[in-house]
Amino acid sequence: MRILVVGTGGVGSAFAAIAQRRDFYERIVLADLDPSRPQAVVDGLGEHDRFGSAGVDASDEDAIVRLIEDVKADAVLNATDPRFNPQIFDACLRARVTYLDMAMTLSEPHPTRPHEETHVKLGDYQFAQDENWRQEGLLALVGIGIEPGAADVFARHAADELFSEIDEVGIRDGSNLVVEGYEFAPTFSIWTTIEECLNPPVIWEKGHGWYTTEPFSEPEVFDFPEGIGPVECVNVEHEEVLLVPRWIDCRRVTFKYGLGREFIEVLRTLHKLGLDSKQPVRVRDVDVAPRDVVAATLPDPMTLGDRMFGKTCAGTLVTGTGKDGRPRKTYLYHVVDNEWSMREYGSQAVVWQTAINPVVALELLDEGAWSGTGVLGPEAFPPQPFLDKLAEYGSPHGVLELEP
């Protein structure tokens, strides 16, 4: 298998470090707008026979097609932020290669009822082209990071093996990570964080479908495992709510993120000042999007690993009726300690936890353990091979039984 990775920020770089220890691929080419970035990653890996670098503009569909053809890629991993998804997604269909991403195409709020009704949902652009991919016999595997991604696999595993009926699939994400030396330093892309946290959160209910609520609504305290402890979580827009109901029979799907009071207030302030906007404004003789300015002024998350301490947890809280007919409440989770990921891979915990999942998925596709055509989420595939691979990679998941 020959793989093209578009985007060499924190996740793209961590993907390369994890993949280097596997032997299922022939060659991986890393590409970015600034070709010096992927070249630096390749030089750091020290394996120029299995890894290569290239320059590409992720907004230029034709250029992506040419690069796919030049490197003779079998699969493309989109490791950019989701504003470039349409171009990379469409380029893969044109070039007839497998497509993977870790975040789906962006949503657009309802013009008059943004906190009640959906309008353009996450992934709508991609799912609208499902038939085109099926007709070509090609696979687009969307949302195969940690959340969405492994969390969706956990939901499918729970539905298949642990529950006879599911009331709610609730993704719960929290950490006790701290970054020393900064007053405010997000551990993941601030551009993407602003997008998902300030957009109206989506909830799905059987008989009602998808609907929206206000950002940061329905706060609850969730006690995360492995020493992280209680963290207040709030509703956030996320892909699992758009993916899980397509393949898993349940009554409700939610996503709640442990942001913390300070982080929420910063995001609210950015919104009040218009600094979350993606629309360019004129500043003297330059057009610049305020959100891009915010991203440029904050530290790059991929450089924060040696200043970070603590653990991050991503997981799926499932409630319903167990296989024995009794009420059941189970949290299936994945925890990464930043000290471990930095020591073993040189990658901070949040990006490492995201990056391992597309490596696993690509290996399963190469082996034939996962296969399919069309636009599919992780729930569409058998979960056990994925869970076995996580353990094989030295990254096992945990299962916590809670009082129903």
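The values are calculated or read from the model by the stated rules, or taken from the named source; none is laboratory data. Please read these numbers as outputs of a predicted model, since none were measured by experiment. Virtual Cβ from ideal backbone geometry, glycine too; neighbours counted across all protein chains shown. For the accessible areas, the whole protein counts, side chains as well, though only heavy atoms, and no ligand, DNA or RNA atoms are used. Shrake-Rupley method; radii C 1.70, N 1.55, O 1.52, S 1.80 Å.
Any idea how many residues of segment 325-384 are farther than 17 Å from Cys313 by Cβ, among the polar types (S, T, N, Q) and touching a strand residue (DSSP E or B) at 6+ places or on another chain (Cβ under 7 Å)?
Number of matching residues: 1.
For segment 369-396, which residues satisfy the criterion of being under 12 Å from Leu139 (Cβ atoms) and not in a helix (DSSP H, G or I)?
Residues satisfying the conditions are Trp370, Ser371, Gly372, Thr373, Gly374, Val375, Leu376, Gly377, Phe381.
Can you find, within segment 338-356, the residue that is nearest to Gly310 (Cα to Cα) among those that are in contact with a Leu (Cβ under 8 Å, 6 or more places away or on another chain) and open to solvent by less than 10 Å² (accessible area, probe 1.4 Å)?
Here the answer is Asn338.
Wholly within segment 1-120, which strands (runs of 3 or more DSSP E) include no fewer than the required count, namely at least 1 residues that are among the aromatic types (Phe, Trp, Tyr), in contact (Cβ under 8 Å) with a residue 24 or more places away in the chain and in contact with a helix residue (DSSP H, G or I) (Cβ under 6 Å, 6 or more places away or on another chain)?
51-55, 98-101
Could you run through segment 365-382 and say how many residues are within 18 Å of the chain's Cα centre (by Cα) and within 20 Å of Ile18 (Cβ to Cβ)?
Step one: of segment 365-382, the residues within 18 Å of the chain's Cα centre (by Cα) are 375-381.
Next cut, within 20 Å of Ile18 (Cβ to Cβ) only: 378, 381.
Of the residues in segment 365-382, 2 are within 18 Å of the chain's Cα centre (by Cα) and within 20 Å of Ile18 (Cβ to Cβ).
Consider Glu232 carefully, then state whether it is farther than 24 Å from Leu402 by Cα and in contact with a helix residue (DSSP H, G or I) (Cβ under 9 Å, 6 or more places away or on another chain).
Taking the combined requirement at face value, the residue does not satisfy it.
Pairs please, first residue from segment 208-223 and free of Cβ contacts under 8 Å to residues at least 40 places away in the same chain, second anywhere and part of a strand (DSSP E or B) and surrounded by 15 or more Cβ atoms within 10 Å (Cβ to Cβ), Cβ atoms under 6 Å, 6+ apart in sequence or on different chains.
Ser217/Asn235; Glu218/Asn235; Pro219/Glu232; Pro219/Val234; Glu220/Cys233; Val221/Glu232
Kindly indicate the residue of segment 323-337 that is in a strand (DSSP E or B) and either among the charged types (D, E, K, R) or open to solvent by 50 Å² or more (accessible area, probe 1.4 Å) (or both) and also nearest to Thr354 (Cα to Cα) among those meeting that condition.
Taking the candidates together, the pick is Asp337.
Kindly indicate which of Asp90, Asp62, Asp32 is open to solvent by 50 Å² or more (accessible area, probe 1.4 Å) and more than 17 Å from Trp352 (Cα to Cα).
Numbers: Asp90 fails: open to solvent by 50 Å² or more (accessible area, probe 1.4 Å); Asp32 fails: open to solvent by 50 Å² or more (accessible area, probe 1.4 Å).
After applying the criteria, what remains is Asp62.
What tally of residues in segment 287-322 results from selecting those that are hydrophobic (A, V, I, L, M, F, W, C), in a helix (DSSP H, G or I) and either modelled with pLDDT of 95 or more or crowded, with 16+ Cβ neighbours inside 10 Å (or both)?
Residues in segment 287-322 being hydrophobic (A, V, I, L, M, F, W, C), in a helix (DSSP H, G or I) and either modelled with pLDDT of 95 or more or crowded, with 16+ Cβ neighbours inside 10 Å (or both): 3 in total.
Looking for whichever is of a type in the set (Val, Ile, Thr), open to solvent by 10 Å² or more (accessible area, probe 1.4 Å) and modelled with pLDDT of 95 or more here; the options are Val76, Val71, Val5. Which one fits? Steps first, please.
Values: Val76 fails: open to solvent by 10 Å² or more (accessible area, probe 1.4 Å); Val5 fails: open to solvent by 10 Å² or more (accessible area, probe 1.4 Å).
Every option except Val71 fails the conditions.
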